[in-house]
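Everything below concerns the one structure shown next.
The values are calculated or read from the model by the stated rules, or taken from the named source; none is laboratory data. Bear in mind that the values here come from a model prediction, so they are computed numbers and not experimental data. Neighbour counts run over all protein chains shown; Cβ positions are idealised from the backbone, glycine included.
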Amino acid sequence: MANEKTIVFFPEAAFGPALNSVGIAQACRELGHRAVFVADVGMAGVFAEYGFAERLIPMSEPMPAEAMAKYWSDFINSHIPNFRKSPFEQIDNYVKECWEAIVETSVWAEKALPETLAAIGPDLICIDNVILFPAAKRHGVPWVRIVSCSENEIEDPDIPPHLSGCGEHDKACFARFRARFDAVIGPVHDRFNQFLASVGHEPYPRGQFFETSPWLNLLLYPEPVRFARRHPLDPARFQYLDGCVRELPPYEVPAFAANADGPLIYVSYGSLGAGDVDLLKRVIAALGKMPYRALVNVGDYLDAYDSVPPNVHIAAWFPQPAVIPKCDAVIHHGGNNSFTECLYFGKPALIMPYCWDGHDNATRVAETGHGLKLPRYDWQESDLAAALETLLTDHAMQARLAQTSAEMKAADGRHKAARLLDKLLTADA
């Protein structure tokens, strides 16, 4: 097409941001633009499956392909004992080590990213990550920041700190978490600022690893769960997408040997959270005693499950945006895709968080009346049963979800994003 522009999408090496970018890229393709995905080598094939070109770059120390593909799952699995801890207690272990690894992705990407972008020749770069990649910023074309995680990734004094799981009005929790985060993450941040100086970039203030784009920032968080900010975000530069759901073929629910007419529950702790096999086995055993059907995502660990109740169907992967509409309730880890997709389709969620913004989303789903929060480990079968009963029978919650769903579908976030990007691309035409 004569007006075709090339848009680089550069999501972090996680399925949440990656698939959100796919949804936006699909809509950009409908407008006649070319989308190219730049990603960590461990994400090979993810974007090609949707018909997009991939340019893969190393974002960590070189290692065998199999080890590279399992890098983040191995990292998460090594921290399973820490997921029994509170968000505050995780700062000293999981959060610190996670930021150390994230900083290294930026350092390593700088080795190949300049040459990769030069070869692609993008007209626009969209980055969905929590850290700056200097080569993308200095490439010389407009760049857009996409925030797939909780909106508090862009902080404000009056909203809970990112990763904290604090309640909306618990200012003492805010202060305690911020102080500990700054103290523990300080050396990691110093390392990052040293790297920035080495490539000619100004240092960031303590605790900041990325900045907002001067052109456009896209946040997925839906309006009904948004926070009240002391400093409202300027709509000229910040736009909310009210969820962003990629297109998938319809899903056909399998036949169950038991509870054939029972409510359908979908369980997923994400591709990384599936490594906690003991927890998933415990959930499956509990659901096996309840009058429901259940679809359970067990990730790459299918062989670990040798006995499954007749009312449960397990699989290594489910096409989640096609599955959730068929379900009556969802149990998930609080990842932002799962969080926003449940809201988009109007399904009540029981969030059992273990890390990152799952803590924030679990607190938020409960305090806005769109679902419930349950500790990941400290629960009895009676607690799980009671929570599911509430999700399936709370008429006020279901009405609230139906309204939220209608608003999100009307907003049509991925096409809104594509129009905003198209406008940015043609601003000087």
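Pairing residues of the range 32-47 that are more than 14 Å from residue 7 (Cα to Cα) with residues that are hydroxyl-bearing (Ser, Thr, Tyr), at Cβ distances under 8 Å and at least 6 apart in sequence or on separate chains, gives 40/60; 40/105; 42/71.
Here the condition is being farther than 30 Å from residue 353 by Cβ, small (Gly, Ala, Ser) and out of contact with any Asp or Glu (no Cβ under 9 Å at 6 or more places or on another chain); of 136, 101, it holds for 136 alone. Among residues of the range 297-315 that are among the aromatic types (Phe, Trp, Tyr), those with a beta-carbon under 6 Å from a residue that is surrounded by fewer than 18 Cβ atoms within 10 Å (Cβ to Cβ) and outside any strand (DSSP E or B) at least six positions away or on a different chain give the pairs 301/277.
Taking the range 290-304, which residues are under 11 Å from residue 258 (Cα atoms) and surrounded by fewer than 21 Cβ atoms within 10 Å (Cβ to Cβ)? Scanning the range 290-304 gives 290, 291. Taking the numbered list (1) exposed (fewer than 15 other Cβ atoms within 10 Å of the Cβ); (2) outside the structural domain of residue 368 (by TED's automatic domain parsing); (3) of a type outside the set (Asp, Glu) in turn, residue 307 passes all entries but (2).
Could you please give the count of residues in the range 100-128 that are on the phi > 0 side of the Ramachandran plot and either within 20 Å of the chain's Cα centre (by Cα) or assigned to a helix (DSSP H, G or I) (or both)?
Final tally of qualifying residues: 0.
In the range 133-153, what residues are out of contact with any helix residue (DSSP H, G or I) (no Cβ under 8 Å at 6 or more places or on another chain) and surrounded by fewer than 21 Cβ atoms within 10 Å (Cβ to Cβ)? Correct list: 137, 138, 140, 141, 153. Among the criteria (1) at pLDDT 95 or above; (2) crowded, with 16+ Cβ neighbours inside 10 Å; (3) under 30 Å from residue 156 (Cβ atoms), the one residue 266 does not fulfil is (3).
The C-beta contact set for the range 162-185 (first residue touching a residue at least 40 places away in the same chain (Cβ under 8 Å) and over 19 Å from residue 365 (Cβ atoms), second residue among the acidic types (Asp, Glu) and part of a helix (DSSP H, G or I), distance under 6 angstrom, 6+ apart or interchain) comprises 184/92. Among residues of the range 317-332 being in contact with a strand residue (DSSP E or B) (Cβ under 8 Å, 6 or more places away or on another chain) and modelled with pLDDT under 95, the one that is nearest to residue 76 (Cα to Cα) is 317.
Out of the residues in the range 296-311 meeting the condition of being of a type in the set (A, V, I, L, M, F, W, C) and over 21 Å from the mean Cα position of the chain (by Cα), tell me which one is farthest from residue 72 (Cα to Cα). Per the criteria, the residue is 308.
Residue by residue, here is whether (1) assigned by TED's automatic domain parsing to the domain that holds residue 271; (2) crowded, with 21+ Cβ neighbours inside 10 Å; (3) among the aromatic types (Phe, Trp, Tyr) holds:
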{"residue": "11", "(1), (2), (3)": "no, yes, no"}
{"residue": "18", "(1), (2), (3)": "no, yes, no"}
{"residue": "23", "(1), (2), (3)": "no, yes, no"}
{"residue": "30", "(1), (2), (3)": "no, no, no"}
{"residue": "37", "(1), (2), (3)": "no, yes, yes"}
{"residue": "44", "(1), (2), (3)": "no, no, no"}
{"residue": "49", "(1), (2), (3)": "no, no, no"}
{"residue": "54", "(1), (2), (3)": "no, no, no"}
{"residue": "75", "(1), (2), (3)": "no, no, yes"}
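Can you name the number of the only condition in (1) in a loop (DSSP other than H, G, I, E, B); (2) farther than 23 Å from residue 404 by Cβ; (3) aliphatic (A, V, I, L, M) that residue 228 fails? Checking residue 228 against (1) in a loop (DSSP other than H, G, I, E, B); (2) farther than 23 Å from residue 404 by Cβ; (3) aliphatic (A, V, I, L, M), the one that fails is (2). Checking each residue in the range 162-199 for being over 14 Å from residue 90 (Cα atoms) and either not assigned by TED's automatic domain parsing to the domain that holds residue 94 or not in a helix (DSSP H, G or I) (or both) picks out 167, 168, 169, 170, 199.
Residues of the range 344-360 that are assigned to a helix (DSSP H, G or I), under 15 Å from residue 85 (Cα atoms) and in contact with a helix residue (DSSP H, G or I) (Cβ under 8 Å, 6 or more places away or on another chain): 359, 360.
Return yes when residue 13 is assigned to a loop (DSSP other than H, G, I, E, B) and among the aliphatic types (A, V, I, L, M) and no when it is not. Taking the combined requirement at face value, the residue satisfies it.
Just so you know, in the range 379-429 the residues that are assigned to a loop (DSSP other than H, G, I, E, B) and either modelled with pLDDT of 95 or more or touching a strand residue (DSSP E or B) at 6+ places or on another chain (Cβ under 7 Å) (or both) include one that is farthest from residue 355 (Cα to Cα), and it is 394.
Among the candidates 385, 417, the residue that is among the small types (Gly, Ala, Ser) and over 29 Å from residue 25 (Cβ atoms) is uniquely 385. Every listed requirement among (1) closer than 30 Å to residue 407 by Cβ; (2) free of Cβ contacts under 8 Å to residues at least 60 places away in the same chain; (3) part of a helix (DSSP H, G or I) is met by residue 236 save one, (3). Listed here are the helices (runs of 4 or more DSSP H) enclosed by the range 249-343 that have at least 2 residues being among the hydrophobic types (A, V, I, L, M, F, W, C) and closer than 28 Å to residue 50 by Cα: 320-323. When 246, 226, 230 are checked against the criterion of being among the basic types (Lys, Arg), exposed (fewer than 13 other Cβ atoms within 10 Å of the Cβ) and in contact (Cβ under 8 Å) with a residue 40 or more places away in the chain, 230 stands alone in meeting it.
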